[in-house]
Amino acid sequence: MSVQTERADAVPAAGTGKTGAPPPGEGQNPTRKRGGASAPYLLLLPALAATAVLLGWPLVKNGMLSFQNLNPRQLILHLTEWNGIDNYQEVLSGSDFWNVVVRTVVFTAANVVLIMVFGTLVGLLLARLGKRMRLTLLLGLVLAWAMPMIAATTVYQWLFAQRFGVVNWILDKLGWHSMADYNWLGSQFSTFSVVTLLIVWQSVPFVAINLYAATTTISKELYEAAALDGAGAWKSFTSVTFPFLRPFLWATTFLEIIWVFKSFTQLFAMNQGGPDRLTETLPVYAFVEGVGNQHFGMGAAISFLTILILLALTAYYLRTVIKQEEDEL
């Protein structure tokens with residue numbers, strides 16, 4: 001009778017697999033695991049440091065300046081005069097600040113509505129054009145978007161000049177002879193109209209290109225299914241296109257609100273907040289009070305209040321986005 005015995009080297013050692021390798025996770029250095037987990041945070045350090053230096057420190061200095069009485073006398077004598085919340089009390093108790101706030105909100109709302117309407121229409125047009133026409137329109141949009149603000153503002157000043165402006169000349173040739181020497185920068189409404197046209201012209205490309213990119217993510221099968229169900233163009237838009245574009249529309253609208261709310265270059269370069277300071281928004285008002293009138297502490301307080309308003313808008317946007325993500329889950 002023969003007895004079969006197993007070879008000792010054929011029996012796997014305890015704690016090893018069939019191939020003799022240790023199970024996953026065993027034999028690894030805990031220090032190496034901790035180092036790998038902290039690597040993403042280390043990579044973020046340069047960006048956080050740059051943000052703290054370029055944005056955080058100027059914000060802290062501006063906040064400190066808003067609690068000081070800083071005029072030309074203090075600058076010449078190198079004096080630091082702390083006056084507590086006097087600057088904020090003077091700003092918030094005056095009617096000028098609240099008039100500017102209302103004007104800024106109305107100006108921002110009008111611009112954002114026009115930007116989103118025309119930007120959405122142009123974005124949908126891009127999705128339906130042929131390749132050559134789409135490329136031509138995209139080129140024009142990018143050129144308008146890439147033009148520097150000062151250069152674009154100067155062009156609009158030429159177009160709407162009182163004596164030699166192209167707009168007045170065209171209106172005169174079309175029969176509106178009273179517009180031959182019309183001063184577009186002579187009243188609040190006409191000045192805001194010119195600035196609004198400029199801002200909308202500069203902002204529509206961003207919205208249109210964003211929405212066109214969003215339409216490329218919509219499957220054509222959804223449109224085919226909607227067509228089989230008898231849906232027309234409007235029904236296809238409301239049931240297929242709009243639900244997909246809603247997140248992009250919401251995010252783009254919020255970005256445009258911030259961009260228009262803090263717009264300074266176009267308003268100041270066009271007419272320096274005139275006539276009679278009737279077209280000053282919060283950024284222009286802060287600059288005129290701070291640098292123009294040399295009340296630097298007052299200007300810092302106004303600019304800090306503007307930042308707080310923008311932070312409140314940002315908090316509301318983030319809260320809405322988080323709520324939408326929770327509803328989707």
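Just so it is clear, none of the values below were taken in a lab; they were calculated from the coordinates. In this text, all values refer to a predicted model and were calculated from it rather than measured experimentally. Here the Cβ positions follow ideal geometry from the backbone for every residue, glycine too, while neighbour counts run over all protein chains shown.
Worth a mention:
- Hz values of 3J(HN,Hα) by residue in the stretch 245-256 - Karplus curve (6.51, -1.76, 1.60), Gly and Pro given as x: 7, 4, x, 5, 4, 5, 5, 5, 4, 5, 4, 5
- Sorting the segments 302-312, 200-210, 223-233 by their mean number of nearby beta carbons within 10 angstrom, highest to lowest, gives 200-210, 302-312, 223-233.
- Long-range HN-HN contacts of Gln68 with modeled amide H, under 5 Å: Asn83
- Taking all Cα pairs closer than 8 Å and separated by 6 or more residues, the relative contact order of the chain comes to 23 percent.
- Annotation: extensible slack from Leu125 through Asp229 equals 35.0 nm (criterion: 0.36 nm per residue apart, minus Cα-Cα distance).
- Computed from Cα atoms, the angle from the helix 149-159 axis to the main principal axis of the chain rounds to 40 degrees.
- Positive dipole terminus of the chain, leading residue within Ala231, Thr252, Ala52 (C-beta point charges): Ala231
- Helical contribution to [θ] at 222 nm, DSSP H n ≥ 4, -39,500 (n - 2.57), averaged over the chain, rounded to 500: -22000 deg cm²/dmol
- Considering only Ser95, Thr320, Ile170, and ranking their Cα positions along the charge dipole of the chain that arises from unit charges at the beta-carbon of Lys, Arg, Asp and Glu, the one farthest toward the positive end is Ile170.
- Only lysine pairs 8 or more places apart, or on different chains, with alpha-carbon atoms under 27 angstrom apart are counted in the chain, and they number 6.
- Peptides ranked, highest mean first, by Cβ atoms within 10 Å: ranges 142-148, 184-190: 184-190, 142-148
- Multiplying the residue separation of Leu48 and Arg277 by 0.36 nm and removing their Cα-Cα distance gives an extension gain of 78.5 nm.
- 14 Å beta-carbon shell around Met270, net charge (K/R +1, D/E -1): 0
- For the stretch 168-260, the Cβ-based charge dipole about the Cα centre amounts to some 60 debye (Lys, Arg positive; Asp, Glu negative; other atoms uncharged).
- Charge sum, other residues only, whose C-beta stays under 13 Å from Ile199's C-beta, Lys/Arg counted +1 and Asp/Glu -1: 0
- Kirkwood's formula applied to the C-alpha pairs of the stretch 67-180 gives a hydrodynamic radius of 19.8 angstrom.
- Computed magnitude of the charge dipole of the chain (debye, nearest 20; Cβ of K, R +1, Cβ of D, E -1): 800
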